[in-house]
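Nothing in this text is a laboratory measurement; each read-out follows from the coordinates by a stated rule. All values reported here derive from a predicted model rather than from experimental measurement. Counting neighbours? That spans all protein chains shown, and the Cβs are built from the backbone with ideal geometry, glycine included.
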């Protein structure tokens, strides 16, 4: 079960919009960290994902385990939030 | 519609949801033609990940690619277009119906429009794959923000390379633009680029190949290139690659839909492929001009032709498939 979801995005990232669209379709709530507005959190995004890219979606389950999905990857995102 | 065999049948299934398919969907849905679009990537296609679109008619000051894509999507959905996030993996001709194997199960359509567009090519040099998303990128609008006050290399000499390099100047301290031969970007873009060259923000290296991307501990440190037979090293924190386009037609391998030698879909003057009832429009079509305006225009044309096809009014297709732009439909 999903406890919460955080998406790291930028203003101009079309793939980020797709992640939001998918989560909206599945009626999931999520928090957004916009790295254009909060560049100080880039290091956090990098530490979580190991990648210099957005979107990064962090799915925290009820047992507090985290699943990190890098990019717009439905094959990984769909099961992560199921 | 669901038939007696429990098949989900649509009037039209459009594969892709870029400008060509969205324009086509605006036309078909306005005429109450049941239309389903499948998109495996970004709605709006490459247009959505383009920083700024300056040559789409109707926007005198240009428009952000993402905004244009969103507007096209909203317009298509306003008339009833249904966009499904998923992938079509195979098309089979079952006579009057086309069977599409998809990640959402099998679907059937009376007509199909393939508008899967194209994606950026890779260079194919050592280090490119290894450092993907760790310093090697193909989407400036997605990943440029990670390079504030850093040095970058941009590879490519066409419109995309120049456009995206200029976008990246808002973040990077300096950009080396590596152009294999001569600059192919439009005169307008080359003119716009000149002010960044004059300010020292961008250095253009013509006749320079990109041979290797080198890094250490999971990040890129330099690009090795060759100019005039001499090896040159470009110290950098990241590399953005825009070296041309390849058609998204891998899912058609093994089908009876004829492709040209590069992999673009051949069509006749009705934009119809070698599989009756299956049409193609936009960047994926052989002979396409790779322009958003052209893709939208082809999408509209394809929609009108598909309407004729569904009504049984389309003339029999030519034996010969063309690799040129279609004739206009009145």
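Peptide B:138-148 is shielded by partner chain Cβ atoms: per residue, an average of 6 of them sit within 10 Å of its Cβ. DSSP bridge analysis restricted to chain B gives an antiparallel fraction near 50%, rounded to the nearest 5. Quick check on segment B:136-241: take the gyration tensor over C-alpha atoms, sort the square-rooted eigenvalues as a ≥ b ≥ c, and tell me if it's rounded (a/c under 1.5), prolate or oblate. Cα axes put segment B:136-241 in the oblate bin.
Could you give the alpha-carbon Rg of chain A over 2.2 N^0.38 Å, rounded to two decimals? Cα Rg divided by the expected 2.2 N^0.38 Å: 0.99. Kindly express, to the nearest 10 degrees and within the range 0 to 90, the angle between helix B:159-168's C-alpha long axis and the longest C-alpha principal axis of chain B. With rounding to tens, the tilt is 60 degrees.
DSSP assigns beta bridges within segment B:67-223; of those with both partners inside it, close to 60 percent run antiparallel. Grab the beta carbon distance between residue B:186 and residue A:11, set R0 = 35 Å, and tell me the FRET efficiency rounded to 0.05. According to the calculation, E is roughly 0.85. Taking the Cα atoms only, what angle lies between the long axis of helix B:187-198 and the longest principal axis of chain B, rounded to 10 degrees? For helix B:187-198, the angle is close to 30 degrees. Oblate is the label for the protein assembly as shown, because the ratio a/c of its alpha-carbon gyration tensor axes (a ≥ b ≥ c) is 1.5 or higher and a/b is not greater than b/c. Peptide packing: for B:281-293, B:51-63, the average count of neighbouring Cβ atoms within 10 Å per residue gives the ranking B:281-293, B:51-63, highest mean first.
Per-residue ellipticity at 222 nm from helix content only, as computed over chain A with -39500 (n - 2.57) for each DSSP H run of at least four residues, stands at -10000 deg cm²/dmol.
For a paramagnetic label modelled on residue B:315 (point 7 Å from Cα along Cα→Cβ), amide N atoms under 13 Å away belong, within segment B:257-282, to B:269-271. For residue B:34 and residue B:90, the FRET efficiency from 1/(1 + (r/R0)^6), where r spans their Cβ atoms and R0 equals 22 Å, is about 0.55. Going from the fewest other Cβ atoms within 10 Å to the most, the residues B:91, B:15 appear in the order B:91, B:15. Relative to the compact-globule estimate of 2.2 N^0.38 Å, the Cα radius of gyration of chain B comes out at 1.08.
Calculate the mean, over all residues of peptide A:46-56, of how many other protein chain Cβ atoms lie within 10 angstrom of the residue's Cβ. Before the final figure, lay out the partial values.
Working: counts 4, 0, 0, 1, 3, 7, 15, 9, 6, 1, 0.
So the per-residue partner count for this stretch is 4.
Taking a point 7 Å out from the Cα of residue B:198 in the direction of its Cβ, the residues of segment B:132-171 whose backbone N falls within less than 17 Å of it are B:166.
Taking the longest Cα principal axis of chain B as reference, the axis of helix B:65-78 is set at about 10 degrees.
Within 10 Å of each Cβ in peptide B:233-246, how many partner chain Cβ atoms are there on average? Round it to a whole number, please.
Values: counts 0, 0, 0, 0, 1, 1, 0, 0, 0, 0, 0, 0, 0, 0.
Whole-number average of other-chain Cβ neighbours for B:233-246 is 0.
Site pair residue B:233 and residue A:64 shows an inter-label distance of 4.7 nm when each label is modelled 7 Å from Cα along Cα→Cβ. Taken over segment B:189-307, the ratio of Cα radius of gyration to 2.2 N^0.38 Å equals 1.54.
If packing is taken as the mean number of other Cβ atoms within 10 Å per residue, what is the order of B:194-202, B:79-87, B:137-145, A:43-51, highest first?
On the way: B:194-202: 13.7, B:79-87: 17.7, B:137-145: 24.1, A:43-51: 16.0.
Packing proxy ranking, top to bottom: B:137-145, B:79-87, A:43-51, B:194-202.
Just to confirm my numbers, what's the Cα centroid distance between segment B:67-145 and segment B:191-219 in Å? So the separation of the two Cα centres works out to 30 Å. Go ahead and set up a Gaussian network model of chain B, Cα springs under 10 Å, then flag whichever of B:184, B:110, B:246 fluctuates most. For chain B, modelled as a Gaussian network with Cα springs under 10 Å, the answer is B:184. Looking at the protein assembly as shown only, what percent of DSSP beta bridges run antiparallel? Nearest 5 please. Counting only bridges with both partners in the protein assembly as shown, antiparallel ones make up about 55 percent.
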